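Novice: Mind having a look at this structure? Questions to follow.
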Amino acid sequence: MAPTVAPYGEWKSPIDVTFITSSTATQSNLRKNEITGDLFWAEINKDTNGRQTIQHRAAATGITTELTPEPFIARTRVHEYGGAIFSLGSSFVISSNDVDCRLYKIDVATKEATPLTPENKDWRYADVEIHPSEKFLICVREDHTVDTPQTVVNTLVVVRLDTKEPNVTILVEGSDFYSAPRFNPVNTTEFAYYSWNHPFMTWDHTQLFYGHLEISDALVKLASQTLLAGADKTKEESINQPRFAADGTLYFINDKTGFWNLYSYKAGKEVELVLQKPFQAEFQGPAWVFGARSYYPLKSDPTKIAASYIKDGLSHLAIIDTKTKTLKDVPLEFQVITSVYASTNGQDDVLLLGVGSYNVPFETISYNLRTNQYDIIMTSSAVEVPNGFISNPEPLTFKTTGDLDAYALYYPPTNTDYVAPEGTLPPLRVLSHGGPTGAFESNLNWNINYFTSRGFGVVAVNYGGSTNYGREYRSRLRTRWGIVDVDDCCNAATYLVQRGDVDPEKLAIVGGSAGGYSTLACLAFKDVFKAGVSHYGIGDLETLAKDTHKFELLYPESLIGPYPAAKALYHERSPLYSADKITCPCAFFQGAKDKVVPPNQAEMMVSALKERGLPVAYVLFEEEAHGFRMPKNVKAALQGEVTFLGRIFGFTPFDAVPMDIINEDAIGK
């Protein structure tokens, strides 16, 4: 059957908003009991109503059960973003409960949950490492007794597992932040961790320590420690993911050569690069949360490491031989690897991998290194991906300000049932990612395909400051947020226009939160786009400096400048104070309970555009905060955006909804 001829933007698509909001689950933190073969993971799905659970799949029966029934919420709010939801013992798991912020020991057989820490909601716990003796654990504690960003206290603490009453003592203190305490399995009195201090973020500068413990039945305390890496703060290096192999070798990731590469350390020897020479690829992403696992020493041979790395925006899997210092790629059809864990299956080495691609929802697979075959353990989506409606992204390298290279992923319109009238070009949505320290990757993105299957082109811009391209690229945004990202988003759109891919009269910029800031900045400070859509976008940069949490307290300083010394610069780069410079229609989708970006910011911009006679839409979700989580509101925001862009660009989406647009009669004038 021949495709139907219809204008871009009016194509009918099976990828509707109900499909998007009901088809996915979020799974993370996969762990395996190497003795029983049982699997454990954290999961949020459509049936849990946002509550994170811990799931257990018994190897003997294949039956999956929840270990944390309501009201338990398996979550930690340390650093606000959490991560590393639970840790696995021989017959138990340990998790933080968001209901009361206490750590609990949960028996796998009985599901009985025993509190390990005192009743105190001011104390938060994360990144639990259980000692091989299972008599105690070490973890991060964040003390909110005096709850201001300047006074919250982070420490490493010891929590006893062998006492009847909660027993918590401070092990290491003095730094602003701690992460990743890990025990040496050969000498169990040794451990490693990393820490950092303001004004740095984890991707700026951290320090790696190698500690020795004094352990007794009564007390565990720090006997001594050595600073292994990161001593010179004038030469920033970002050290993350310390992990011991079975032979006692400590591995970690460091970007001192310009890219996050693997290093090793053996007691009494020097730290050394794992490969023969620096590798221009990233072996990890930014450590926004605890518990990242982008590499793992093999069980059968600890001198070999399974590792994922990112090069040119795509993930690769490799085995590193630390004896020969060589890397060998492993054939893998997926474009994104989110986690790596080494296990065994009989005599074979297997890898438990979190993977995805542009046309494959996130899955957890068991990959056999001998046969190069894999089995799917679980998938994030129970709905079959529709053939012919998923856009395959094209990696772009384009020139930007200063004749520098910048990067993006271009998703062309894709719908097997339709073609556009000859001689026409599609509208373009330019996406700016959040963070802003982050990156778009080639995973299956239903939001993007919602639009491409309706006839939009979408370009996801990894502007200067994004991760996955090395420290130099990541540092382009230093003190230049609102400049570099804006230039790169504009230049990505211009590049596609010049290449003949998209309609120059139908360019839209779209983003949320930090990406929403870049969106509004593009509209206020440039004249490239014909429409803009802000989802809870930051309009006033001063709010980031005035009202934030400890983890990001000085993050704006690296992006803009010290506050309040650079207050004028914050004001100058804030779209809120330059709303009079916006010359195109704009839609704002906002949560009424948003404390990160208060509704008044959007409302002030709406008022300014209204007074100047520009078409503007404002949709306020009374139940939402920063980010939309309720399915009905996710649906309303998507349908509202496609309806707004259709009205502005002169087409009618098949699933358009009624929408109030102020100054609608000015459209096209």
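The values are calculated or read from the model by the stated rules, or taken from the named source; none is laboratory data. Since the structure is predicted, the reported quantities are computational estimates derived from the model, not experimental observations. Cβ sites come from the backbone with ideal geometry, for glycine too, and all protein chains shown count toward neighbours. The accessibility values were calculated without ligands, DNA or RNA, using every heavy atom of the protein model including side chains. Shrake-Rupley method; radii C 1.70, N 1.55, O 1.52, S 1.80 Å.
Novice: Please sort by residue number the GluC sites (Glu not before Pro) in the range 1-101 whose DSSP state is loop and whose Cβ has at most 13 other Cβ atoms within 10 Å.
Specialist: Taking the range 1-101 and a limit of 13 other Cβ atoms within 10 Å, the loop GluC sites (Glu not before Pro) found are Glu34.
Novice: Report the far tail of the P(r) of the range 433-530, meaning the percent of Cα-Cα pairs longer than 17 Å.
Specialist: Value for the range 433-530: 52 percent of Cα pairs lie more than 17 Å apart.
Novice: Then there's this: If amide H atoms are built 1.01 Å from N in the plane of the peptide, which residues on other chains or at least 5 residues away come under 5 Å of the amide H of Ser339?
Specialist: Result for Ser339 returns Gly354.
Novice: Find the relative contact order for the range 518-661 and round it to a whole percent, using C-alpha pairs within less than 8 Å whose residues are 6+ positions apart.
Specialist: Relative contact order for the range 518-661 comes out at 24 percent.
Novice: Under a point-charge model restricted to the Cβ atoms of Lys and Arg (+1) and Asp and Glu (-1), what is the dipole moment magnitude of the chain relative to its Cα centre, in debye to the nearest 20?
Specialist: 640
Novice: Sort 597-610, 384-397 by packing, meaning the average of other beta carbons within 10 Å per residue, with the highest value first.
Specialist: 597-610, 384-397
Novice: Oh, and also: Counting only C-alpha contacts under 8 Å and six or more residues apart, can you give the relative contact order of the chain as a whole percent?
Specialist: Reported as a whole number, the value is 10 percent.
Novice: Another question, if that's okay. Per DSSP H run of at least 4 residues, take -39500 (n - 2.57); add these up for the chain, divide by its residues and hand me the 222 nm value, nearest 500 deg cm²/dmol.
Specialist: For the chain, the value works out to -4000 deg cm²/dmol.
Novice: Just to confirm my numbers, what's the Cα centroid distance between the range 81-158 and the range 323-366 in Å?
Specialist: 29
Novice: Please list, ordered by chain and number, the residues whose modelled amide H lies under 5 Å from the amide H of Thr344; skip anything fewer than 5 residues away on the same chain.
Specialist: Answer set, sorted by chain and number: Val350.
Novice: Rolling a 1.4 Å sphere over the protein heavy atoms, what is the accessible area per residue of the chain, to the nearest Å²?
Specialist: Ligands and nucleic acids excluded, the result is 40 Å² per residue.
Novice: Which percent of the accessible area of the chain is formed by carbon and sulfur heavy atoms (probe 1.4 angstrom)?
Specialist: The computed percentage sits at 50.
Novice: Something else about it: Using a Förster distance of 25 Å, how high is the FRET efficiency between Asp405 and Asp527, based on the Cβ-Cβ distance and rounded to 0.05?
Specialist: Here the calculated transfer efficiency is 0.55.
Novice: Let me ask you something else. Could you pull the accessible area for Val146 with a 1.4 Å probe, rounded to 10 Å²?
Specialist: The accessible area of Val146 comes to roughly 90 Å².
Novice: Grab the Cα-Cα distance for Gln276 and Thr234, subtract it from 0.36 nm times how many residues apart they are, and report the gain in nm with one decimal.
Specialist: Fully extending the segment from Gln276 to Thr234 adds 12.5 nm.
Novice: Additional query: Can you put His549, His131 in order of accessible area, largest first, using a 1.4 Å probe?
Specialist: In descending accessible area the options line up as His549, His131.
Novice: Can you give me the angle between helix 631-649 and the longest principal axis of the chain, using Cα atoms only, in degrees from 0 to 90, rounded to the nearest 10?
Specialist: Compared with the principal axis, the helix lies near 30 degrees.
Novice: At a 1.4 Å probe radius, which order do His571, His316 fall into by accessible area, largest first?
Specialist: His571, His316
Novice: Report, for the chain, the % of DSSP beta bridges that are antiparallel, rounded to 5.
Specialist: 80
Novice: If you compute Rg and Dmax of the Cα atoms in Å for the structure shown, which of (1) 28.7, 107; (2) 72.9, 216; (3) 25.3, 80 do you land on?
Specialist: (3)
Novice: In addition: Taking a ≥ b ≥ c as the square roots of the eigenvalues of the Cα gyration tensor of the range 308-375, is the shape rounded (a/c under 1.5), prolate (a/b larger than b/c) or oblate?
Specialist: Oblate, because a/c is 1.5 or more while a/b does not exceed b/c.
Novice: Sorting Tyr178, Tyr495 by accessible area (1.4 Å probe), largest first, what list results?
Specialist: I get Tyr495, Tyr178, largest accessible area first.
Novice: Between the alpha-carbon centers of the range 444-477 and the range 595-617, tell me the distance in whole angstrom.
Specialist: 26
Novice: So, one more: Restrict the search to the range 468-507; then list the trypsin sites (Lys or Arg not before Pro) that DSSP places in a loop and that have at most 11 other Cβ atoms within 10 Å of their Cβ.
Specialist: Qualifying residues, ordered by number: Arg499.
Novice: Please give the FRET efficiency for Ala2 paired with Glu664, using the beta carbon to beta carbon distance and R0 = 25 Å, rounded to the nearest 0.05.
Specialist: The formula returns an efficiency of 0.10 here.
Novice: Further, regarding this structure: Tell me, what is the percent relative contact order of the range 55-152, built from C-alpha pairs under 8 Å that lie six or more residues apart?
Specialist: Once divided by the residue count of the range 55-152, the mean separation gives 20 percent.
Novice: How large is ³J(HN,Hα), in whole Hz, for each residue of the range 176-186 in order, when computed from phi with the Karplus curve 6.51 cos²θ - 1.76 cosθ + 1.60 and θ = phi - 60°, using x for Gly and Pro?
Specialist: So the Karplus estimates, Gly and Pro as x, are 6, 9, 9, 7, 6, x, 9, 8, 7, x, 8 Hz.
Novice: Sticking with this one: Using only the Cα atoms of the range 549-669, build the gyration tensor, take square roots of its eigenvalues as a ≥ b ≥ c, and label the shape rounded, prolate or oblate: rounded if a/c is under 1.5, else prolate if a/b is larger than b/c, else oblate.
Specialist: oblate
Novice: Roughly how many nanometres apart are two label points built 7 Å out from the Cα toward the Cβ at Val385 and Glu70?
Specialist: A separation of 3.4 nm, rounded to one decimal place.
Novice: Once the Cα gyration tensor of the range 514-590 is found, what semi-axes does its equivalent ellipsoid get, as square roots of 5 times the eigenvalues, in whole Å, sorted largest first?
Specialist: Equivalent-ellipsoid dimensions as semi-axes: 24, 14, 9 Å.
Novice: Lys/Arg Cβ at +1, Asp/Glu Cβ at -1, dipole of the chain taken about the Cα centre: which of Pro331, His535, Ala592 is farthest positive-ward?
Specialist: Most positive-ward Cα: Pro331.
Novice: Using only Cα atoms and rounding to the nearest 10 degrees, what angle (0 to 90) does helix 484-498 make with the longest principal axis of the chain?
Specialist: 50
Novice: OK, next. Relative to the longest principal Cα axis of the chain, at what angle does helix 514-525 sit, 0 to 90 degrees, rounded to 10?
Specialist: Around 30 degrees separate the two axes.
Novice: Sticking with this one: Identify, among Gly516, Gln498, Tyr473, the residue whose Cα sits farthest towards the positive end of the charge dipole of the range 452-519, taking +1 on the Cβ of Lys and Arg and -1 on the Cβ of Asp and Glu, with the dipole about the Cα centre.
Specialist: Selected residue: Tyr473.
Novice: What ³J(HN,Hα) values, in whole Hz, does the Karplus curve 6.51 cos²θ - 1.76 cosθ + 1.60 give for the range 240-252 when θ = phi - 60°, with x put for Gly and Pro?
Specialist: Listing the rounded values in order: 9, 6, x, 7, 8, 8, 5, 8, x, 6, 8, 10, 7 Hz.
Novice: Mind giving me the nanometre distance, one decimal, between the label points for Glu165 and Thr114, set 7 Å out from Cα along Cα→Cβ?
Specialist: 1.6
Novice: Using packing as a proxy for protection, rank 653-660, 524-531 so that the peptide with the highest average count of other Cβ atoms within 10 Å comes first.
Specialist: Those peptides, ordered most packed to least, come out 524-531, 653-660.
Novice: Moving on. Which lysines, if any, have their Cα less than 27 Å from the Cα of Lys12, not counting same-chain residues under 8 positions apart?
Specialist: Lys46, Lys506, Lys530, Lys632, Lys635
Novice: Applying the Karplus parametrisation 6.51 cos²θ - 1.76 cosθ + 1.60 with θ = phi - 60° to the phi angles of the range 30-40, what ³J(HN,Hα) value in whole Hz is obtained for each residue in order, glycine and proline being reported as x?
Specialist: Couplings: 4, 9, 10, 7, 5, 7, 8, x, 5, 10, 9 Hz.
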